[in-house]
Amino acid sequence: MTALDTFPLSVLPRRLLLASATALALLGSHAHAADKLPVVASFSILGDLVRVVGGDRVAVTTLVGANEDAHVFEAKPADAKTLLAAKLVVTNGLGFEPWAGKLIKSAGYKGEAVVAAKGVKARHMEEEKGHASHAHEETDPHAWQNPNNVTLYVRNIAAALSKVDAAGASTYQANAEAYVKQLQILDVWAKAQIASIPQAKRKVITSHDAFGYFAAQYGVQFLAPQGVNTETEPSAKQVAQLIRQIQREKIRAVFVENMGNPKLIAQLSKDAGATLGASLYADALSTADQPGATYLQMMRNNVTELVAGMRRN
């Protein structure tokens, strides 16, 4: 027994008691954080899904953050260090983040990895644009734009988390299935919202081809000056053709994307005589103070903005 053990606490200075309590609380929080499973997600949308499925058992780090473009991401040495500290790495797949495989290899990461889009029926852009040859077809990686595909995402994530943390398997499975129900509610709501727009008015202009899966699920036609990759620059001829189509079909639903450069689409809408609408969340979530901070919020915001825009067509 020490002198402090026999010393009456009531006579200790209040400041000392508060400092001791704070120190103990900090130690406890650090210990709790250390107990969590470290997981790295390639970009913000996946990060949100991992947090939903993992709950309090995981600590998630996202390489490409809110409002950032994963197509043009360049890894830094610090990202390799983050990767090596992880027990699980989650990527989208479908060619969305080709830099991820290179980063995993160069960092020497030997832990578990999961491709969230495993099992998704991929869309191929050139094939669906009516080209006779499929030699240059490009896989559309934006599968999360259909909530039914996200059901596969969260179940793949739950299975991967269960593999590296068997003690939490029942928690991961329960969290995933509860979220699947929310995705089903979202899908029903989105269909009802878009059904209020006549088929002939369901035409939208966006910055790049990020909404192919959404288009197929909900019967909306999306037109974009850029392809599936934001690094692709459209030719002057392609832009001119799109302007003529906007004018001919009287399309007024024109949107920028939160992670892209708005200059091209802003100029295009100006030249076509259309009014630029609010931002859509395509390849990235928003920050917490914006309306697309989670996947569910992102989708509800996008559907709401799209419907409002198509009403103007």
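Where the only charges are on Cβ atoms (+1 Lys, Arg; -1 Asp, Glu), what is the dipole of region 32-186 about its Cα centre, to the nearest 20 debye?
Roughly 560 debye, rounded to the nearest 20.
Roughly what would the spin-label model give for residue 74 and residue 166, points 7 Å off Cα along C-beta, in nm?
So the two model labels end up 4.5 nm from each other.
For the pairs 121/203; 102/181; 87/203, flag any whose C-alpha to C-alpha distance is greater than 32 Å. The partial results should precede the final answer.
Values: 121/203 24 Å; 102/181 35 Å; 87/203 44 Å.
Going by Cα-Cα distance, 102/181; 87/203 fall outside the 32 Å limit.
Using the per-residue mean of other Cβ atoms lying within 10 Å as a proxy for protection, in what order, highest first, do the peptides 208-217, 193-202, 96-105 fall?
Highest to lowest by the protection proxy: 208-217, 96-105, 193-202.
Under the 0.36 nm per residue contour assumption, what length would be gained going from the current alpha-carbon distance of residue 248 and residue 178 to full extension? Could the numbers behind the result be given before it?
Working: separation 70, 0.36 × 70 = 25.20 nm, distance 4.57 nm.
So the chain would gain 20.6 nm between residue 248 and residue 178.
Work out, step by step, the length gained on full extension between residue 36 and residue 185: first 0.36 nm times the residue separation, then minus their alpha carbon distance; give nm to one decimal.
Stretched out fully, the residue 36 to residue 185 stretch lengthens by 50.6 nm.
Determine ³J(HN,Hα), in whole Hz, for all residues of region 138-143 in sequence, where each value follows from phi through the Karplus function 6.51 cos²θ - 1.76 cosθ + 1.60 and θ = phi - 60°; x replaces Gly and Pro.
10, 5, 7, x, 7, 5
Under the rule of at least 5 residues apart or a separate chain, name every residue whose amide H is placed under 5 Å from the amide H of residue 61.
39, 40, 41
Mind listing the long-range amide H neighbours of residue 123? Cut-off is under 5 Å, sequence gap 5 or more, other chains count too, H placed in the peptide plane at 1.01 Å from N.
Amide H to amide H, under 5 Å and 5 or more residues apart or across chains, residue 123 pairs with 140.
Students often check this: by mean Cβ neighbours within 10 Å, which of 79-91, 169-181 ranks highest, and how do the rest follow?
79-91, 169-181
Coordinate-derived values only; no laboratory data. Nothing here was measured: the structure is a model prediction, and the numbers come from that model. Positions of Cβ are backbone-derived with ideal geometry, glycine not excepted, and every protein chain shown enters the neighbour counts.
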